[in-house]
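Participant: Take a look at this one; I'll ask things after.
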Amino acid sequence: MISKEENILFAAEKLFAEKGFDGTSTREISKAANVNISMISYYFGSKEKLYEKLVEYRMNEGQFFSKDIVERTDLNEWQKIEKIIDQFSDRIRTQKCFYRIMQREQLHTENPQIVEFLKQTKMGFLSMYSQILERGLEKGIFTKNPPIYLFHSTISGTLFYAFNAKDMYKEFLNDTEEESVFDEKYYTELNKHIKHLLKDLLGYEENK
């Protein structure tokens, strides 16, 4: 069961992804969430605050899953990276609306609160990758030490570009399968590709 607040957030998320922040009205959000328009003011205060809360909510989810993986003791450093890629990719695949919003925000945001959310999230991922890489080097699991900002860019940049270009690639491949079937195959291949790149960047040898 989701709360009334989450119900409004999720309804707004779909509209923001489709129409943008300026193109979405609080009346449309209340109708989509099936609540009285006054409930938006009650829970969030304004459309802008609702938007900020949505970004904070989704980004906190992302930080939680990554922190949980880093702290696991049953995985070595390479296995942690594999888990992060799989879960990051799955979030992009299943939360298409939010990541469309985020890509728009990366280019056009003027909201200082969201700028700070984006910055802190990126800094969190950089810190996480640094920690994993440092431990992997100490244990001899990795033999190369790539610049951490390029390491992060390789993962997020490849995932986001592939996310944006999926429909074009489907057309290029002349693939007539249903979207859900193509999605499964597409993201499986994408994850394998990223892991292959990272093995080379990190000097990781599976059968070492």
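The values are calculated or read from the model by the stated rules, or taken from the named source; none is laboratory data. Owing to the predicted nature of the structure, the values given are computational and were not obtained by experimental measurement. Methodologically, a virtual Cβ is constructed for each residue, glycine included, from the backbone with ideal geometry; neighbour enumeration extends over all protein chains shown.
Participant: Given ILE141, ILE155, ILE132, which one is among the β-branched types (Val, Ile, Thr), in the same structural domain as LYS67 (by TED's automatic domain parsing), assigned to a loop (DSSP other than H, G, I, E, B) and surrounded by 15 or more Cβ atoms within 10 Å (Cβ to Cβ)?
Facilitator: On the way: ILE155 fails: assigned to a loop (DSSP other than H, G, I, E, B); ILE132 fails: assigned to a loop (DSSP other than H, G, I, E, B).
Sole residue among the options that is among the β-branched types (Val, Ile, Thr), in the same structural domain as LYS67 (by TED's automatic domain parsing), assigned to a loop (DSSP other than H, G, I, E, B) and surrounded by 15 or more Cβ atoms within 10 Å (Cβ to Cβ): ILE141.
Participant: Turning to a different aspect of this structure: In the stretch 98-113, which residues are surrounded by fewer than 17 Cβ atoms within 10 Å (Cβ to Cβ) and part of a helix (DSSP H, G or I)?
Facilitator: Answer for the stretch 98-113, where residues must be surrounded by fewer than 17 Cβ atoms within 10 Å (Cβ to Cβ) and part of a helix (DSSP H, G or I): GLN103, ARG104, GLN106, LEU107, HIS108, PRO112, GLN113.
Here's the yes/no breakdown for (1) in a helix (DSSP H, G or I); (2) of a type in the set (D, E, K, R); (3) touching a residue at least 60 places away in the same chain (Cβ under 8 Å); (4) surrounded by 14 or more Cβ atoms within 10 Å (Cβ to Cβ):
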site: ALA11; (1), (2), (3), (4): yes, no, no, yes
site: PHE21; (1), (2), (3), (4): no, no, no, yes
site: ILE29; (1), (2), (3), (4): yes, no, no, yes
site: ASN36; (1), (2), (3), (4): no, no, no, no
site: MET39; (1), (2), (3), (4): yes, no, no, yes
site: MET59; (1), (2), (3), (4): yes, no, yes, yes
site: GLY62; (1), (2), (3), (4): yes, no, no, yes
site: GLN79; (1), (2), (3), (4): yes, no, no, no
site: ILE92; (1), (2), (3), (4): yes, no, yes, yes
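Participant: Which of (1) assigned to a helix (DSSP H, G or I); (2) modelled with pLDDT of 90 or more; (3) over 15 Å from the mean Cα position of the chain (by Cα) is the odd one out, the single condition TYR149 does not satisfy?
Facilitator: If we test TYR149 against (1) assigned to a helix (DSSP H, G or I); (2) modelled with pLDDT of 90 or more; (3) over 15 Å from the mean Cα position of the chain (by Cα), just (2) comes out false.
Participant: What tally of residues in the stretch 41-76 results from selecting those that are of a type in the set (Val, Ile, Thr) and either more than 15 Å from ILE132 (Cα to Cα) or at pLDDT 90 or above (or both)?
Facilitator: 2
Participant: Output yes when any residue across the stretch 195-204 is within 18 Å of the chain's Cα centre (by Cα) and either modelled with pLDDT under 95 or part of a helix (DSSP H, G or I) (or both), and no when none is.
Facilitator: Of the residues in the stretch 195-204, the ones within 18 Å of the chain's Cα centre (by Cα) are 195.
Now restrict to residues that are either modelled with pLDDT under 95 or part of a helix (DSSP H, G or I) (or both): 195.
Yes, the conditions are met somewhere in the stretch 195-204.
Participant: Is there any pair with a first residue in the stretch 162-189 that is among the acidic types (Asp, Glu) and a second that is surrounded by 13 or more Cβ atoms within 10 Å (Cβ to Cβ) whose Cβ atoms are under 6 Å apart and which are 6 or more apart or on different chains, and what are they?
Facilitator: Matching pairs, first to second residue: ASP175/PHE182.
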